[in-house]
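Engineer: First the structure, then my questions, so here it is.
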Amino acid sequence: MIQALGGPAFMNLQDMSQDGRTYSFYHGDPTGAGAVYWRFWKWPDKERIELTKQRDWVIITNGDNGYEVTYKGVAPQEKEPLEDYLRRREYSLEWVLRTWLKEPGIALFYDGPTVAERKQAEQVTIMNAKNEAVSIAMDVNTHLPLKKTFTWRDPTDRQKNEEFEVYDNYKLIQGIMTPLSVSRGRNGDMMNQRFINTVKYNQNLPDSMFDARTTYESRGKTKKR
């Protein structure tokens, strides 16, 4: 799978910029007509997302800190959406393949043949020393990831949640096989879909793009990404 994604080009990727359209869902139903977005990402823990045509709503994550930038100024991101994002980052494909696989105590399990997104696949589960696990279904022909799933337990009600991410419409861009359609959901319900128009890798994005300093405390709630 790593070789199919681009091998060294994928494993040594340093930054990425992309633009497209994002759609949110509630209980599996779309909440609107979607929104244009611009995303800037820098390994390992920096991300900036600009929303609306005016690009005047910005979400920045730098390390474990999140910020929301609007016409009012810069506010800390609300706790719940920030925790959701940090969890997804820890279980992201890049994080698992580039970080987990190098950790001591890592274990890999072959789960056998399966069907993912109506395609024949083989599934592997990767588990780290903290008993956190990610299952990845790979296309039997291309070996590219089709679907990634992981579970986590809600600290409040102790209920187990299963999150999934689906990858489709792969294109070779700068030596890296890139899914131009990414869908994300929880417990069987779709939560977000992104359709990517353009992607650029290794543009030497400056750290200043991800700098933010709080100028006021927000009393509202930031929508989930």
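Engineer: What trypsin sites (Lys or Arg not before Pro) does region 112-153 have in DSSP loop regions with at most 10 other beta carbons within 10 Å? Don't skip to the answer; put the middle values down first.
Structural biologist: Details: sites: Arg118, Lys119, Lys130, Lys147, Lys148, Arg153; in loops: Arg118, Lys130.
Within region 112-153, the qualifying trypsin sites (Lys or Arg not before Pro) (loop, at most 10 other Cβ atoms within 10 Å) are Arg118, Lys130.
Engineer: A further question follows. Distance cut-off 20 Å, Cα to Cα: go down the list Lys46/Lys79; Lys119/Lys171; Lys102/Lys130; Lys53/Lys171; Lys42/Lys147; Lys102/Lys200 and report the pairs above it.
Structural biologist: In this structure, Lys53/Lys171; Lys42/Lys147; Lys102/Lys200 lie more than 20 Å apart at Cα.
Engineer: Post the alpha-carbon centroid distance, region 1-32 to region 103-149, in whole angstrom.
Structural biologist: 17
Engineer: Under the Karplus relation 6.51 cos²θ - 1.76 cosθ + 1.60, θ = phi - 60°, what is the ordered set of whole-Hz ³J(HN,Hα) values for region 202-215, x standing for Gly and Pro?
Structural biologist: Result, rounded to whole Hz: 6, 9, 6, 4, x, 4, 4, 4, 10, 7, 7, 9, 4, 10.
Engineer: If one takes the longest principal axis of the Cα atoms in the chain, at what angle in degrees, from 0 to 90 and to the nearest 10, does the Cα axis of helix 79-90 lie?
Structural biologist: For helix 79-90, the angle is close to 30 degrees.
Engineer: Only sites in a loop by DSSP and with at most 10 other Cβ atoms within 10 Å count here; which chymotrypsin sites (Phe, Trp or Tyr not before Pro) in region 96-159 make the cut?
Structural biologist: Hits after loop and neighbour filter: nothing returned.
Engineer: For every other residue with a beta carbon closer than 12 angstrom to the beta carbon of Ser181, add +1 if it is Lys or Arg and -1 if Asp or Glu, then tell me the sum.
Structural biologist: On the way: positive: Arg21, Lys171, Arg184, Arg194; negative: Glu117, Glu165, Asp168.
Surrounding charge for Ser181 is +1.
Engineer: Which value at 222 nm does the chain reach when only helices count, each DSSP H run of 4 or more adding -39,500 (n - 2.57), with the total divided by all residues and rounded to the nearest 500 deg cm²/dmol?
Structural biologist: -3000 deg cm²/dmol
Engineer: So, with +1 on the Cβ of K and R and -1 on the Cβ of D and E, and no other charges, what is the size of the charge dipole of the chain about its Cα centre, to the nearest 20 debye?
Structural biologist: 380
Engineer: A further question on this structure: Once the dipole of the chain is set up with Lys and Arg at +1 and Asp and Glu at -1 on Cβ about the Cα centre, which of Met138, Ile176, Ala107 lies farthest towards its positive end?
Structural biologist: Ile176
Engineer: For a quick check of your reading of the filter: which chymotrypsin sites (Phe, Trp or Tyr not before Pro) in region 34-91 sit in a DSSP loop and have no more than 13 other Cβ atoms within 10 Å?
Structural biologist: Details: sites: Tyr37, Trp38, Phe40, Trp41, Trp57, Tyr67, Tyr71, Tyr85, Tyr91; in loops: Tyr71, Tyr91.
Loop-located and lightly packed - Tyr71.
Engineer: Continuing with the same structure: Report the charge-dipole magnitude of region 115-180 in Debye, nearest 20, computed about the Cα centre from +1 at each Lys and Arg Cβ and -1 at each Asp and Glu Cβ.
Structural biologist: 60
Every number here is computed from the coordinates shown, using simple stated rules; none is lab data. Keep in mind that this is a model prediction, so the values were computed, not measured. Neighbour counts run over all protein chains shown; Cβ positions are idealised from the backbone, glycine included.
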